[in-house]
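Structure first, commentary second.
The values are calculated or read from the model by the stated rules, or taken from the named source; none is laboratory data. What you see is a predicted model, and the numbers here were worked out from it, not measured in a lab. Every residue, glycine among them, receives a Cβ derived from its backbone with ideal geometry; neighbour counts consider all protein chains shown. These accessible areas exclude ligands, DNA and RNA; they are computed on the full protein's heavy atoms, side chains included. Shrake-Rupley method; radii C 1.70, N 1.55, O 1.52, S 1.80 Å.
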Amino acid sequence: MDLTPLVVSFVTFFGIYLILALSMNLEYGLTGLPNFGKVFFYSVGAYTSAFVVSRLMLALGGASLVPWSAEAAVFREELARSEPWLAIGLFLLCLVLAALVGAALGSLLSSPALRVQDVYLALILLVVAEIARVYVRATEGFIGGPHGLGGIPNPFRFIEGAGPRGLAYAGLVLALAAGAYVLVERITHSPFGRLMKAVRDDELAAQVLGKRTHWVKAQVMAVGSALAAVAGVLYAFFTEFVGTEDFDSQLTFTVLLMVILGGAGNHRGVVAGTLIMTAIDRFTRPSFLALLGLQLPVDINYARHALIGVLLVLLILYRPQGLAPEGRVRTAAREEVRHLGVSS
Amino acid sequence: MRLRILALTLGLLLATVGAAWAQTTTYPIGVLIPLTGGGAAEGPFLRDAATMAVEEIHALLERVGSPVRFRLIIEDTGTSPEGGLVALESLAAAGVQIVIGPWSSGAASGLRAFANANQILVISPSSTSPALAIPDDFLYRLVTPDTLQGRAVAALLERDGFEQVLIFHRGDSYGAGMAQALKEAFEAAGNRAELLAYDPDQGDYAAEVNELARRLRQLGVEQTAVMLVAFQPDGLNILGHARLNPTLRQARWYGSKDAFSPTFFPPHAPLEIGAFMAQVQMKGFFPTPPANPVRATFEQKYRERYGQEPSPWALYMYDAAWLAALTTLVVGEYDGARARDAFPEVARLFLGASGHKLLDGNGDAAVGVYDAMVAREVDGTYAPVTFGQWESGTGTLQIFNP
């Protein structure tokens, strides 16, 4: 019995969803911005990867093929096998580019919307995500339109064996997710983090105190969108395929559920929420039950969705604040520091 | 004394069962089907067909005293690339090296790289996207690509005297591929084809159907055929709106292969949709060979067991399950890489419910015979009726039941 594929799948998707959930927590949990367009920024990372890799690899390899054709996908796979550093370099380039594009789009697209109330902001971002998905699907010249684009080579293609290669990639995703956690923790416990909470709790009061709340929201959206785009890059290089079917709004609400389950405003809670949701998805599958030698009288494929629904209802009824409620900011406020300095 | 006899009997029983258990070798076959998402209506047909095939294989193996058995592990793909990948990863962890499915090209695209890297043989009964026509990979497809269906519909349109067609299609991999194939084939003969795509993930298509009617009026209702390329959920909604539209009620309609699946007809669909399809004489093709004994037996058994007609894709799934089992038996051990090498030869010599399975260089079905179908009233209800046949080898369209 080789559990490597299950471990790789679990860790990789946990890492990807954790980055998305942390970015959602930064926006919704701490700043009160309901980003219902989260999947759009995730797709930006995946589309950027598909676009950059498909064009650059064909150009560097001197091939004049249609980037989204089957022949081009095979060409890229073979080129990545023979030139491992090219695949690694392109992966790193995509991470940086996607983060920049995500940040720019996050602040650009949301800045007009930030002047409206939360519910309108949520609707505007939801609509943007849907329009973008439909547009990309209808435009063949970008990532192949409805067919999608394959042949986005895994950066660890040079490692022999699917198992070790998968584990290496899962480790990389987990490391980046840990980095994202450290980043959002530092932001949360900084003076800027206090400002984010002030905007969430009473925006008018923050404005009265001279804080530029629109600017705070735009910055949070930029950071959150950059993180989501990085998650999109990780997804594209893992599946080695990008298609618009994966970027519908259901994913946004799955991520939101992870945040609500764990506890909005608490990053540790979000880690727990993401872990639980990923575990429910992976460990309620017929394959996993087969591993344990179990055979249920009902089709667990349907029961899984019902289980998530029941979990959500129970959560709303008995623990609306989530598994881990929001705690205090761990760093001392400036006033307290000054007070300590005077008294000492 | 009684206790001793009981213990002895139990011991003997356990020893017998244990010996039989030890002799039996069970190989898992992964089944990737859509139980949720856009293809959810098709999933149960595919599951039932695969189950029936494995039961028949077991009956045969038992009769000849073979110790080999197969166990199906059914996973939902959610009709999406990520769903397909996650499902295959789960199957791989359970030791699965041979998989039948997935149903959609999107799910097949998502799992292809993983299947190649982990040497898992994947036999799709129904994926038709041209973007997956790739040689030397681990994905085989038992159905011909959409280019052939496009040529078949083009031939039928020409026979019916149309020089213009308005193709109303799903804006996804399948819909765009099929629409483009038809456009190219129809325009190659000097005709005109216009494409009108719609987003397949919507809940309602009233606005899109109005736009279809407007475009049809511009082109001329009399001289323009309407070709619908849809799956069941979107297709039924579209036809439901179209039957209330005066322009579209006058139009001559054609449909892609899924429009002739039982899921478009009663009892799986509202009676009025079937009535509308019969009223406009909706025609099209399904990649099904002429009746053969294997198909007839399968359809009869399916009806007896499940009380309904199998969907056309169920024939392909039934064959996929048989081919997966036969390939494993030919190889003599459970090995995805060796099964992949043996598969084309096993397929070449196979005649199943969906016909011959000769494969081309990309691992896709090479020869397609398409039944020409029309929606008609049959015994007080509505059903697709075969009225002709188109063969890809010669490109000839034969009408035998006009």
Tally time: how many residues in the range B:214-236 are surrounded by fewer than 24 Cβ atoms within 10 Å (Cβ to Cβ) and either among the β-branched types (Val, Ile, Thr) or over 30 Å from the mean Cα position of the chain (by Cα) (or both)?
-> 11
Which pairs do you get when a residue that is within 14 Å of chain A (Cβ to nearest Cβ), found in the range B:176-193, comes within reach of a residue that is crowded, with 22+ Cβ neighbours inside 10 Å and of a type in the set (D, E, K, R), reach meaning Cβ atoms under 7 angstrom, with the pair 6+ apart or on two chains?
-> B:Gly177/B:Asp146; B:Met178/B:Asp146; B:Ala181/B:Asp146
Any chance the range A:7-18 includes a residue that's more than 29 Å from B:Asn118 (Cβ to Cβ) and either surrounded by fewer than 22 Cβ atoms within 10 Å (Cβ to Cβ) or touching a Leu at 6+ places or on another chain (Cβ under 9 Å) (or both)?
-> no
Inter-residue pairs, beta-carbon under 8 Å, first closer than 14 Å to B:Gln281 by Cα and in the range B:382-397, second of a type in the set (Phe, Trp, Tyr) and assigned to a strand (DSSP E or B), 6+ apart = B:Pro384/B:Phe286
Within the range B:265-279, count every residue that is open to solvent by less than 60 Å² (accessible area, probe 1.4 Å), farther than 15 Å from B:Arg249 by Cβ and among the aliphatic types (A, V, I, L, M).
-> 1
Under the condition of being modelled with pLDDT under 90 and more than 12 Å from every other protein chain (Cβ to nearest Cβ), which residue from the range A:126-142 is most open to solvent (accessible area, probe 1.4 Å)?
-> A:Phe142
Neighbours by Cβ (under 6 Å, 6+ apart or cross-chain): first from the range A:1-14, more than 8 Å from chain B (Cβ to nearest Cβ); second of a type outside the set (Gly, Ala, Ser) | A:Phe10/A:Arg282; A:Val11/A:Leu174; A:Thr12/A:Val173; A:Thr12/A:Phe238; A:Phe14/A:Thr278
Could you give every pair whose Cβ atoms fall below 9 Å, whose first residue belongs to the range A:150-173 and is within 9 Å of chain B (Cβ to nearest Cβ) and open to solvent by 40 Å² or more (accessible area, probe 1.4 Å), and whose second residue is of a type in the set (A, V, I, L, M) and part of a helix (DSSP H, G or I), counting only separations of at least 6 or pairs across chains?
-> A:Arg165/A:Val8; A:Arg165/B:Ala117
Is the range A:201-216 home to any residue that is within 23 Å of A:Val39 (Cβ to Cβ), more than 14 Å from chain B (Cβ to nearest Cβ), assigned to a helix (DSSP H, G or I) and of a type outside the set (S, T, N, Q)?
-> no
Quick check: is even one residue across the range B:365-384 within 19 Å of the chain's Cα centre (by Cα), within 21 Å of B:Ile33 (Cα to Cα), surrounded by 19 or more Cβ atoms within 10 Å (Cβ to Cβ) and at pLDDT below 95?
-> yes
Residue set A:Ala264, A:Ala279, A:Ala303, A:Ala236; condition part of a helix (DSSP H, G or I) and either in contact with a strand residue (DSSP E or B) (Cβ under 6 Å, 6 or more places away or on another chain) or surrounded by 14 or more Cβ atoms within 10 Å (Cβ to Cβ) (or both); output residue A:Ala236
Out of the range B:194-206, which residues are more than 14 Å from chain A (Cβ to nearest Cβ) and aliphatic (A, V, I, L, M)?
-> B:Ala206
Enumeration of residues in the range B:80-111 that are part of a helix (DSSP H, G or I) and more than 7 Å from chain A (Cβ to nearest Cβ) | B:Gly83, B:Gly84, B:Ala87, B:Leu88, B:Ser105, B:Ala107, B:Ala108, B:Leu111
When both residues are 6+ apart or on different chains and their Cβ atoms are under 6 Å apart, which pairs have a first residue that lies in the range A:267-294 and is over 15 Å from B:Gly83 (Cα atoms), and a second that is open to solvent by 20 Å² or more (accessible area, probe 1.4 Å)?
-> A:His267/A:Glu185; A:Arg268/A:Ala324; A:Gly269/A:Leu323; A:Gly269/A:Ala324; A:Ala272/A:Leu323; A:Thr274/A:Tyr17; A:Ala290/B:Ala94; A:Leu291/B:Ala94
Check on A:Gly102, of a type outside the set (D, E, K, R) and under 18 Å from A:Ala46 (Cβ atoms) | yes
Sort out which residues of the range B:112-129 are within 11 Å of chain A (Cβ to nearest Cβ) and either more than 16 Å from the chain's Cα centre (by Cα) or at pLDDT 95 or above (or both), and write them in order of number.
-> B:Arg112, B:Ala113, B:Phe114, B:Ala115, B:Asn116, B:Ala117, B:Asn118, B:Gln119, B:Ile120
Considering only residues of the range B:156-175 that are within 13 Å of another protein chain (Cβ to nearest Cβ) and in a helix (DSSP H, G or I), which is nearest to the chain's Cα centre (by Cα)?
-> B:Tyr174
Picked from the range B:59-79 (must be within 7 Å of chain A (Cβ to nearest Cβ) and of a type in the set (Val, Ile, Thr)), the residue nearest to the chain's Cα centre (by Cα) is B:Ile74
